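The values are calculated or read from the model by the stated rules, or taken from the named source; none is laboratory data. This structure is a prediction, so every number in the text was calculated from the model and none was measured. Cβ sites come from the backbone with ideal geometry, for glycine too, and all protein chains shown count toward neighbours.
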Amino acid sequence: MNLRRIGHSIVTRILLLGIGIIIVGTVARYFLLADILRDDLQTVISAQQATLASYIAHDIDQKIRERRAMLDRLALALPRRMLQHPDDLGTWLGQQQRLQPWFSPGLQVVGRDGHSLSAYPWRLDQADRDYLQAGMSGKPSIGHPVMDPITQKPVLPMAVPIRNGADEVVAVLIGITPLAPGLLDLLQEAHIGRTGEFRVVSPKDKLFLAANDAAMVFKPTPAPGVNRLHDRAMDGYRGSGITINENGSEELAAISSVPSTGWFVVAAMPTAEAFSLVTHTQQYILSHGWVVVLVFLLMTVGGLIAVFRPLFLAADHADKMTRGEIPLEPLPVARTDEVGHLTEAFNRLLAKLQLAQGELVRLAHQDPLTSLANRAVLSDRIQQALARASRHGTRLGVLFLDLDGFKPINDTLGHEAGDAALVEVSRRLSAIVRESDTLARVGGDEFVIVMCDLGAEPGRAEDAARMLAAKCIKTLETPLQLNGRELAVGLSIGIALGDARSAADGLLSAADCAMYEAKQAGRGRYMFANPTSSHIAGKALAV
């Protein structure tokens, strides 16, 4: 075999194609795999950080609540006669301070006139009186963190009202608890990876209350625009994301709230550490690429020679016949052609794929349990209803339904019974909605009904929505029959009416809020979220 024949050989072309594919694959893996790994790692690490931040936030919140409860008990136990005897009151506070390590920095009682009656061991500066005023109004409150003048460590003042026998506020008891050690012990002990850290931020004070980095404690938070994720957290965002911190380093951070104080906990890790696996993977791909090419060449050359040997023999046999070296004769058939078998196998596989594709399309548009429309279809139907409202000048309604009493079914009878209950509820609701309406399941026990073409008059639209809501509530008055038992469930319904100017998300959100208002109003009822209806509430009507 001469060089020209080798250059035109199908084996050579396959080898060159294979090497090219390996090179392209290596480059693609270098970039695409890095992006995939980065996204997956961000999801996993963000979830872990969010869990840790939530755990620490919960721990801080629990400790705050425990201290406030203890302060309430001290306020109840304080002898009211001592309010007229500051010396006795100071002795009593000193005893309690020694007995209560949570308030080791001190306790203080402030009278109705705002002047301190007694304190132990030191009086807190009352320049910031917000929490004191809240205590005077009868509400427990938490003040701004301050520095203990004795220990020079941050402390947190709390205030609870002291009431007389007539339930009147006669004074305020202030307890001062250390931030660390005490409230923030778990944060100081916890770490994320090698270089990650936790921080506790007070948005109201714009202050870092605690951090693994001691240099940040009691330092002001970054100015707006320095750290965008921090700016969103200060505005109320709770979640995770990648940001550039005040030191100019990229980090992955998760944020969780401390409800009782308004603080939030940040769990942060530099992306250099979080995504180090991506860098190692890229280096591995590049360093071992030549090994893959060598192994491919050795295996492919041997494999192709074995596979194409009958073809080579047949081609050589035909070449000899053309040169007259051997007489003309049929070429030997070394093996049966597999193209027909491959085509049949492919057709069978294609048929199965078409069936699977049809099932995927069905699942993409239907709730798998109830066969109702799912959230994706619901969004499309609301857009269609808005388009019809725009064309015809009519109104539409969105009813957000949530089952009352469904959780006990799951808890007592199990999820299979809960699923059966949802199917039965779906069947009953489907029987009363119009064909032009859309009934969708959007959550565990949450359903949404979209009503379109309700006319141009607001009163007519309200009447139609009210009638359907009453029917929905009434259809569940008959108990469900599950496993030989009668189970009672009800509905709380929020109704939002709109027109062509409305937004789909706004209608859903308004109906959802109205549903929660209906639950708070006593459940088993509906409530309008339409501003023109002044949040009209009602119970099931006879239909």
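Structure summary
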item: Condition met for Q49 (touching a strand residue (DSSP E or B) at 6+ places or on another chain (Cβ under 7 Å) and over 21 Å from V155 (Cβ atoms)); result: yes
item: Counted residues, the range 500-509 - those being in a helix (DSSP H, G or I) and in contact with a Leu (Cβ under 9 Å, 6 or more places away or on another chain); result: 3
item: Close pairs from the range 482-507: first at negative phi and free of Cβ contacts under 8 Å to residues at least 60 places away in the same chain, partner outside any strand (DSSP E or B) and of a type outside the set (G, A, S), Cβ under 7 Å, at least 6 apart; result: E486/P479
item: Odd one out for L386, checked against (1) within 16 Å of L491 (Cβ to Cβ); (2) in contact with a Gly (Cβ under 8 Å, 6 or more places away or on another chain); result: (1)
item: Any hit, the range 170-177, residues being modelled with pLDDT of 80 or more and over 42 Å from the mean Cα position of the chain (by Cα); result: yes
item: Complete set of residues in the range 461-481 that are among the charged types (D, E, K, R), in contact (Cβ under 8 Å) with a residue 24 or more places away in the chain and within 18 Å of D437 (Cβ to Cβ); result: E462, R466, K471, K474
item: Matching strands (runs of 3 or more DSSP E) fully within the range 181-292 where at least 1 residues are at pLDDT 80 or above and under 30 Å from D148 (Cα atoms); result: 197-202, 207-211, 250-258, 263-270
item: Hey, D148 touching a residue at least 12 places away in the same chain (Cβ under 8 Å) and of a type in the set (D, E) or not; result: yes
item: Yes/no for I495 being at pLDDT 90 or above, touching a Leu at 6+ places or on another chain (Cβ under 9 Å) and assigned to a strand (DSSP E or B); result: yes
item: Checklist (1) assigned by TED's automatic domain parsing to the domain that holds P161; (2) surrounded by 16 or more Cβ atoms within 10 Å (Cβ to Cβ) applied to T91, failing item; result: (2)
item: Criterion (crowded, with 17+ Cβ neighbours inside 10 Å and more than 20 Å from R381 (Cα to Cα)) met by exactly one of G484, G498, G494, G524; result: G524
item: Some residue of the range 136-144 being in contact (Cβ under 8 Å) with a residue 24 or more places away in the chain, in a helix (DSSP H, G or I) and surrounded by 14 or more Cβ atoms within 10 Å (Cβ to Cβ); result: yes
item: Matching residues in the range 275-297 - criterion: being more than 15 Å from F31 (Cα to Cα) and in contact (Cβ under 8 Å) with a residue 40 or more places away in the chain; result: V292, V293, F296, L297
